[in-house]
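Notes for the one structure printed next.
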Amino acid sequence: MNIVFIAPDRSVADEYRRILPSVSGKDKVEVVEALLAEAVSLARRLESQGAEVFVARGGTAMLVRKSGIKTPIVEIHLTSADIVSALARAKNEVRSDNPAMAVVAFPNMIENLQDFLPFLNLNLACHNLSSEKDAPRLVEKAIRNGARVVLGGAITTRIARERGVPAVLLGSGEASIRLALEEAKRIVYARRLEARRNNELKAMLDYTYEGIIAVDREGKITIFNPVAQAVTGIPQGEALGSPADRVIPSISFRDALQKGSQDVGEFVDVGHSRILVNRIPIRVRGEVVGAVATFQDITKIQSMEEQVRREIYSQGHVAKFRFVDIYGSSSQLTEAVDTARQFARVDATVLIHGETGVGKELFAQSIHTAGNRSNGPFVAVNCAALPEALLESELFGYVEGAFTGARRKGKPGLFELAHRGTIFLDEISEIPLSLQGRLLRILQEREVSRLGHDRVIPVDVRVLCATNRDLHRHVEEGHFRRDLFWRLNVLSLFIPPLRERRDDIMPLMWHFLDTLFPRDRRRFVFSEDAPPFLTQYPWPGNVRELRNLCERLSVVRTGRTVDAAFLGHLLEYRESAAAARSGPPGMEEIERAMARAGGKVGRAAEMLGVHRSTLWRRTMRLARGKTG
């Protein structure tokens, strides 16, 4: 049941049952019969069974409300129309123009009558009941005073009739019943909303990772959630209602309560734990009425941070590109894409050849997403971007204590992270000779051992690698192991440079402009000499350089015509020997680039079209050759 109407007798109950079905709606309404003290015991029983609101009238409502029952009580008030109707029936009982009448009832039943009684020309006396025991005495008194008809509730009318005096029940009309029902419905809705919010708050307090302690304005604890209990070691029952300064003095609420100040990010020692605490005052209309502290065990914060970073690190190994993202229609590019699609059908190792910026990783990701490992990770590593020691730990992983600075619990290597997926080794030509043997063993045995550990871990990984160097020459010069080369060069894919597929240059340019500035491409107007210049330019940086040019255009030229001279100005610093070079830069070329770059290695490497670490290693090799 949701709402319970308590009727004093059967006749009133029947009236409730006649009216309520048409107005109760979805709420379940029940009508029970009980009078005064009987109603109290019945209400207690129904409360334990889930009643949400009681509706009663007169003395029954007063007694149930005073009984200590927690369930809300809605009182049915008599309207003026109800009282007038009862007075008219009382006159008819004695058939006299102005008979002596008496009302014997609880005060809450006749409040409206007493308000407008002075304006009525009636011979009417009012007697207020304070309890059920007063009813016989007051009815006798009314009769002795000459009352020829008595009005009141169920108990009053019953006693009057037993005394042989006509009696009229102060009944509740349909309007009164409807109003009481609507009020009961509002209370049910509000109680359910409050219960839902309390349950939500309890769930948040119980299952949050933070300890939460709240105090009232006197500093007594009103909230002490399970995490607070676990961190402090203080039972919840002992903490609630107790002064916070006594229960947990290290978390002081004094400044928050007295000054209204907040403290965020304070480190506090609680027992054997060190916690990070935030203390915030609670204000209502500008007045501080309490405070709340939230805190976490620092050890757990560090553990969760490590877990989150590991999860993010793992989730980052996802291929983003597919073959449809390779833009161009030249015969050379189409042939390369067709070959790559065939390679995607198998799990063999692929060696991708191509100059810097042609899109080798784009092809590698596309091969992965088109293959049967597309649901697995795609792990990419630039072998030229990391120093030898760091590259080794990244590729193979390490155990705790493997070297100074190794993180606790160790770290899985990239081959482990690529399990059941693909690992892409970019700039494979730059991997040091000392690591090439370990890499060869992984490719042969399909198992890896972390640094500092002798246990082997099986890995199921497809290997894709790329280079912008002539690996045959590296092998002949002794910089690359011959057995590793043949292990990598199972399937060979060559990606043509942009200068060899000039038909793709202008379509690619418009594609990049559309991608970078989908609503703004029309602001770029090219003169007649611009397209010929772009198609004849050697593009040492290939597609990457073309995209960079598009971004550069948006910054330096807006709303004006772009001609060949301006494009030449933007591309001038990239015109170097790298455009015509087919192999690695020589010492003279490196020295010229360093001179032009003012000694800045990064700028010189950019002009030569190589990575700065590649340039550094190339310089060291050439220097050793001179001294040897």
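Values quoted throughout were computed directly from the atomic coordinates according to the rules given, and no laboratory measurement underlies them. Because the structure is predicted, anything quoted here is derived from the model rather than measured. A quick note on method: Cβ atoms are made from the backbone with ideal geometry, for glycine too, and the neighbour counts reach across all protein chains shown.
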field: For region 72-78, 3J(HN,Hα) per residue [Karplus equation, 6.51 cos²θ - 1.76 cosθ + 1.60, θ = phi - 60°, Hz, x = Gly/Pro]
entry: x, 10, 9, 9, 8, 8, 6
query: Binning every alpha carbon pair distance of region 450-498 at 10 Å from zero, what are the percents per bin?
result: 18, 38, 30, 13, 2
- prompt: With labels modelled as points extended 7 Å from the Cα through the Cβ direction, what inter-label distance (nm, one decimal) is found for ASN278 paired with GLN444?
  reply: 5.7
message: With the alpha-carbon atoms as the only input, what is the per residue convex hull volume for region 263-303 in Å³?
response: 66
query: Under 5 Å between amide H atoms, partner at least 5 residues away or on a different chain: which partners does SER449 have, H built in plane at 1.01 Å?
result: ILE457
message: In whole Å, what are the extents of region 323-494 along the principal axes defined by its C-alpha atoms, from largest to smallest?
response: 54, 40, 26
field: Distance in nm between pseudo-label sites at MET204 and ALA190 (7 Å out along the Cβ direction from Cα)
entry: 2.2
Calculated [θ] (222 nm, deg cm²/dmol) that DSSP helices of n ≥ 4 give over the chain, each run adding -39,500 (n - 2.57): -13500 deg cm²/dmol
message: Among the listed pairs LYS26/LYS133; LYS26/LYS70; LYS66/LYS185; LYS70/LYS202; LYS320/LYS600; LYS28/LYS133, which have their C-alpha atoms separated by more than 28 angstrom in this model?
response: LYS26/LYS133; LYS320/LYS600; LYS28/LYS133
task: Quick one: order ASP529, ASP504 by neighbouring beta-carbon count within 10 Å, fewest to most.
output: ASP529, ASP504
statement: Fewest to most Cβ atoms within 10 Å: HIS368, HIS419 sort as HIS419, HIS368
Rg/Rg_ref, the chain, where Rg_ref = 2.2 N^0.38 Å and atoms are Cα: 1.76
Packing-based order for 331-338, 90-97, using average beta carbon neighbours within 10 Å, highest first: 331-338, 90-97
- line: For VAL103, the residues 5 or more places away or on another chain with a placed amide H closer than 5 Å to its own amide H are ALA125, CYS126, HIS127, LEU151
- prompt: Taking the simple approach of a point 7 Å from Cα along Cα-to-Cβ for both LEU122 and ARG178, what is their distance in nm?
  reply: 2.4
query: For the pair ARG544 and TRP616, what calculated FRET efficiency results from E = 1/(1 + (r/R0)^6), where r is the Cβ-Cβ distance and R0 = 22 Å, to the nearest 0.05?
result: 0.55
- prompt: Within a Cβ distance under 11 Å of LYS91, other residues only, what is the Lys/Arg minus Asp/Glu net charge?
  reply: +1
- request: Any aspartates and glutamates with Cα under 16 Å of the LYS91 Cα? List them, leaving off those in the same chain fewer than 8 positions away.
  value: ASP82
query: For region 80-171, what Kirkwood radius comes out of the mean inverse Cα-Cα distance, in Å?
result: 12.8
- line: Footprinting proxy, VAL475, VAL150, VAL168, VAL490: sorted fewest to most Cβ within 10 Å, the residues are VAL490, VAL475, VAL168, VAL150
query: Once amide H atoms are built 1.01 Å from N in the peptide plane, which residues 5 or more positions from VAL270, or in another chain, come under 5 Å H to H?
result: ILE275
- request: Please say if region 1-149 is rounded, prolate or oblate, where rounded means a/c under 1.5 for a ≥ b ≥ c the square roots of the C-alpha gyration tensor eigenvalues, and otherwise the choice is prolate for a/b larger than b/c and oblate otherwise?
  value: prolate
message: Need one word for region 86-236: rounded, prolate or oblate. Basis is the Cα gyration tensor (sqrt eigenvalues a ≥ b ≥ c); a/c below 1.5 gives rounded, then a/b vs b/c decides.
response: prolate
task: Could you state the orientation-averaged shadow area of the convex hull built on the Cα atoms of region 208-300, in nm² to one decimal?
output: 5.5
- prompt: So for the chain: antiparallel DSSP bridges make up what percent, rounded to the nearest 5?
  reply: 40
message: If R₀ is 41 angstrom, what is the calculated FRET efficiency for the pair ASP563 and ALA389, using the beta carbon separation as r and rounding to 0.05?
response: 0.25
